[in-house]
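**Student:** Got a structure for you, questions after.
The values are calculated or read from the model by the stated rules, or taken from the named source; none is laboratory data. For clarity, every value in this text was computed on a predicted model and none was experimentally measured. Note that we place each Cβ from the backbone using ideal geometry, even for glycine, and neighbour counts take in every protein chain shown.
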Amino acid sequence: MKSNTLTTITLCTLMVIGCASCGRTTTSVCDNGMPLLHVSGEYVLTETGDTFYIQGVNLGCWLNPEGYMLMMPGKESNSPRLLNDLFSQLVGPDETAAFWETFKDRYITEDDIRFIASTRANTVRLPFHYALLTDDDYLGRTTREGFARLDSAIAWCKRYGLYVVLDMHDCPSGQTGDNIDDSYGYPYLFLSEKSQAQFCSLWRQIAARYENENTVLGYEMMNEPIAHYFQQDLDTLNSLLEPLYVRCIDSIRSVDKRHIILPGGAQWNGTFRGVFTGQMQDDNLLYACHRYGHPADESGILDFLQFRDSLHVAMCMTETGQRPHEWLREQAAMLHCNHIGLLWWPYKKLCGGCWMQAGVPDDWEVIRQFAAADRHTYAAIQANRPDIRAARHAMQAYLDSICFANCHPDTAYIEAFAK
């Protein structure tokens, strides 16, 4: 389903994107012979030395469901683990496991990737949960399926000329301490040697698998480490971030010396100065920044610009968005003029503020009301649980709503990034 107002690009051609106010021109190659990208100073370059400007979207929620994207109220069902508990309380663990399998089969498909490639996007960011690459119990499945999912997504993107940023959104023990990392409310990754070893081992496995795959733009080691809540421990936690990055980079470079690596700043990918002290001695790093709710002009990212310019490093805004269309356009133009790449968050969800909106399912309020109800005791679950048949119907309707053919693009949101 494509809007007539979208600008369709022809695959296997060169797309030249200019920013007249800056006098810069960037080239992106959209064919199956995609060049390996690398960082030089403040720029991402192709193998022939052309500047490559990253622009595209995040495939959030697919391999790490977030409750707000399913319109779940409050904090009681806003992470993969808590969502799984919610649905298991509604229909039981076996039906819930089957629900998640269908969810993963439908949420992002080749049709979605084809659609993204029909815009001026040249890159997608693919968030994933570490447990998909292990035999840990994750959404009712205890056999690893992550590489099969990643392989499929990368193959689709290669077919349609899109680069892929692989983003470990949920790390062992949790790197953020909030719902987005599926943790237990604290960034325990930084306190656990076992989890750090697993984290580095998993990235070594990923890098070994995709060492020769040029479609992979790079490896974003972890998403939004160390939330701001932990004021008493913040300096200590921040001081542990760069050494863990160094260790992870060493693991990746032991098998892959070619691909870009993306370290993100502390406090939601927002703090760089004082966190990075020069321990990461690698010349192919692209620093990943995030920011929401800030002014769309340069004042909103002044700290990012100062960090970048002081060290002459490259940066990419791997998450931002979910704001009014005019703000999106101003933000995109400002980032482009400062050669900071842009990946909108997110591609698809139930509520607005995304590229592709799924319709609210029939009877979805049945699920939302139970999610908001008291579920802290078995008696409360039993008292508040709706009829199982009604819950099944609503969950099936949701699975139908997320199919590509049943979703609707927000054309203005999509076109906001295109320059």
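**Student:** Does Ile206 qualify as being among the hydrophobic types (A, V, I, L, M, F, W, C), assigned to a helix (DSSP H, G or I) and over 25 Å from Gln267 (Cβ atoms)?
**Tutor:** Numbers: among the hydrophobic types (A, V, I, L, M, F, W, C): yes; assigned to a helix (DSSP H, G or I): yes; over 25 Å from Gln267 (Cβ atoms): yes.
In short, yes.
**Student:** Right, another one. Could you tell me how many of the residues in the stretch 366-396 are out of contact with any Phe, Trp or Tyr (no Cβ under 8 Å at 6 or more places or on another chain), closer than 18 Å to Phe99 by Cα and either without any contact (Cβ under 8 Å) to a residue 12 or more places away in the chain or assigned to a loop (DSSP other than H, G, I, E, B) (or both)?
**Tutor:** Summing the residues that are out of contact with any Phe, Trp or Tyr (no Cβ under 8 Å at 6 or more places or on another chain), closer than 18 Å to Phe99 by Cα and either without any contact (Cβ under 8 Å) to a residue 12 or more places away in the chain or assigned to a loop (DSSP other than H, G, I, E, B) (or both) in the stretch 366-396 gives 3.
**Student:** Considering only residues of the stretch 28-43 that are touching a Ser or Thr at 6+ places or on another chain (Cβ under 7 Å) and either assigned to a strand (DSSP E or B) or loosely packed, with under 13 Cβ neighbours inside 10 Å (or both), which is modelled with the lowest pLDDT?
**Tutor:** Ranking the candidates gives Val29 first.
**Student:** Would you be able to tell me the number of residues in the stretch 334-365 that are part of a helix (DSSP H, G or I) and under 14 Å from Glu298 (Cα atoms)?
**Tutor:** Of the residues in that region, 4 qualify.
**Student:** Please identify the pairs in which a residue from the stretch 286-310 that is under 18 Å from Asn269 (Cβ atoms) has its Cβ atom under 6 Å from the Cβ atom of a residue that is part of a strand (DSSP E or B) and among the acidic types (Asp, Glu), counting only partners at least 6 apart or on another chain.
**Tutor:** What qualifies is Ala288/Glu220; His290/Glu319.
**Student:** Right, another one. Among the listed residues Leu189, Leu166, which satisfies the condition of being assigned to a helix (DSSP H, G or I) and in contact with a helix residue (DSSP H, G or I) (Cβ under 7 Å, 6 or more places away or on another chain)?
**Tutor:** Matching residue, one of Leu189, Leu166: Leu189.
**Student:** Looking at the stretch 154-182 only, could you name the residues that are under 17 Å from the mean Cα position of the chain (by Cα) and without any contact (Cβ under 8 Å) to a residue 40 or more places away in the chain?
**Tutor:** Correct list: Gly174 only.
**Student:** Within the stretch 136-152, identify whether any single residue is under 25 Å from Leu286 (Cα atoms) and crowded, with 22+ Cβ neighbours inside 10 Å, and answer yes or no.
**Tutor:** No: zero hits.
**Student:** In the stretch 286-327, how many are surrounded by 21 or more Cβ atoms within 10 Å (Cβ to Cβ) and either farther than 23 Å from Val246 by Cα or touching a Leu at 6+ places or on another chain (Cβ under 8 Å) (or both)?
**Tutor:** Looking only at that region, the number is 12.
**Student:** On to the next question. Given Thr96, Thr123, Thr102, Thr142, which one is at pLDDT below 95 and more than 22 Å from Thr176 (Cβ to Cβ)?
**Tutor:** On the way: Thr96 fails: at pLDDT below 95; Thr123 fails: at pLDDT below 95; Thr102 fails: at pLDDT below 95.
Only one candidate passes the filter, namely Thr142.
**Student:** Another question about this same structure. Looking at the stretch 341-352, can you tell me whether even one residue there is touching a residue at least 12 places away in the same chain (Cβ under 8 Å) and more than 25 Å from the chain's Cα centre (by Cα)?
**Tutor:** Checking the stretch 341-352: not a single residue is touching a residue at least 12 places away in the same chain (Cβ under 8 Å) and more than 25 Å from the chain's Cα centre (by Cα).
**Student:** On the basis of being of a type outside the set (A, V, I, L, M, F, W, C), buried (at least 18 other Cβ atoms within 10 Å of the Cβ) and free of Cβ contacts under 8 Å to residues at least 60 places away in the same chain, does Tyr229 make the cut?
**Tutor:** no
**Student:** Can you say whether Asp151 is in a loop (DSSP other than H, G, I, E, B) and without any contact (Cβ under 8 Å) to a residue 60 or more places away in the chain, as far as the supplied structure shows?
**Tutor:** For Asp151, the condition - in a loop (DSSP other than H, G, I, E, B) and without any contact (Cβ under 8 Å) to a residue 60 or more places away in the chain - is not met.
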